[in-house]
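Reviewing the structure listed below.
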Amino acid sequence: MRFGSYALSVAVLALGLSACVSRSDVEELKKNQQNILAKLDAMGKMPSAQPQRPQGPDPAKVYAAPVADSPAKGPKDAWVTIIEWSDFQCPFCSRVVDTLAQIEKTYGNDVRIVFKTNPLPFHNRAMQAANSAKCANDQGKFWPMHDLLFKNQQKLEDADLEQYAKDAGVNVSRWKQCYADKKFENVIKDEQNVGMTLGARGTPAFFVNGRFLSGAQPFPAFQALIDEELKKAKASGMSRGDYYTKMVMDKGEKSM
């Protein structure tokens, strides 16, 4: 097997094992690999057999991922803020729900988890599900709706979404009007655009105090990054309430 085929297969496999990514992203990866290999062949040079990683945000950098008014669990002055871009129809996003619950239990008030929507275009009910969740959030019922959507990813038709809203405890008539009006569709698209600017193209994608973590990673992957950021934050000399704004939002990269 040529190195190029091996590198491409490993890169695509890495994407596919932990995150939902669009076909266009895979095609872009293929194109980039082919261009690199063509240049190397022309030079008579082939690299050592080490697969290339897909392009994305630099995990060593800090990116200014905004909280804004997105749904959040945990205190506003938590030392560590985890911002997630997610898709209710993405199976990998549902797999990480239990991991995030473990993070909440382990770190308590030291961690805040913020949810942003990124309904990918090849998931035919993702936008509707995102709208349904935003409408539930409009009545303070986002997290019950969030849990119901992820538990029922195969049933996201309008009647299903209405039932989940009812089960979540919303005022159904208000929710139905909000959903029918697509009240939050522009908000969802804005969240998508912010995520894309920062390099969060697939789902789930996370920024832990601004540092990128891609895909449905196991708890130890989050733990290592959270522990590092928690230690850094506590040693900063700043107040809990100021840390994220001053060290992430003010100093972080504004785009990938």
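So that you can scan it fast, the table gives a plain yes or no per residue for (1) part of a helix (DSSP H, G or I); (2) farther than 16 Å from Val62 by Cα; (3) within 18 Å of the chain's Cα centre (by Cα):
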| position | (1), (2), (3) |
| --- | --- |
| Ile226 | yes, no, yes |
| Ser236 | no, no, no |
| Thr245 | yes, no, no |
| Lys251 | no, no, no |
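Pairs linking a residue in segment 238-254 that is without any contact (Cβ under 8 Å) to a residue 24 or more places away in the chain to a residue that is among the aliphatic types (A, V, I, L, M) and assigned to a helix (DSSP H, G or I), with Cβ atoms under 9 Å and 6 or more positions apart or on different chains, are Met238/Met247. Pairs meeting the criteria (first residue in segment 107-119 and free of Cβ contacts under 8 Å to residues at least 60 places away in the same chain, second residue among the charged types (D, E, K, R) and part of a helix (DSSP H, G or I), beta carbons under 7 Å, at least 6 apart or on different chains) are Ile113/Glu104. Scanning for something surrounded by fewer than 16 Cβ atoms within 10 Å (Cβ to Cβ) and either within 20 Å of Pro220 (Cα to Cα) or modelled with pLDDT of 95 or more (or both), does segment 129-137 turn up at least one residue? No, segment 129-137 contains no residue that is surrounded by fewer than 16 Cβ atoms within 10 Å (Cβ to Cβ) and either within 20 Å of Pro220 (Cα to Cα) or modelled with pLDDT of 95 or more (or both).
Scanning segment 171-224 for residues that are assigned to a strand (DSSP E or B) and not aromatic (Phe, Trp, Tyr), which turns out nearest to Val67 (Cα to Cα)? Within segment 171-224, the match that is nearest to Val67 (Cα to Cα) is Val208.
The residue that is modelled with the lowest pLDDT, counting only those in segment 37-57 that are in a loop (DSSP other than H, G, I, E, B) and over 20 Å from Met256 (Cβ atoms), is Ala49.
The values are calculated or read from the model by the stated rules, or taken from the named source; none is laboratory data. Bear in mind the structure is a predicted one, so any value in this text is a computation, not a measurement. Cβ sites come from the backbone with ideal geometry, for glycine too, and all protein chains shown count toward neighbours.
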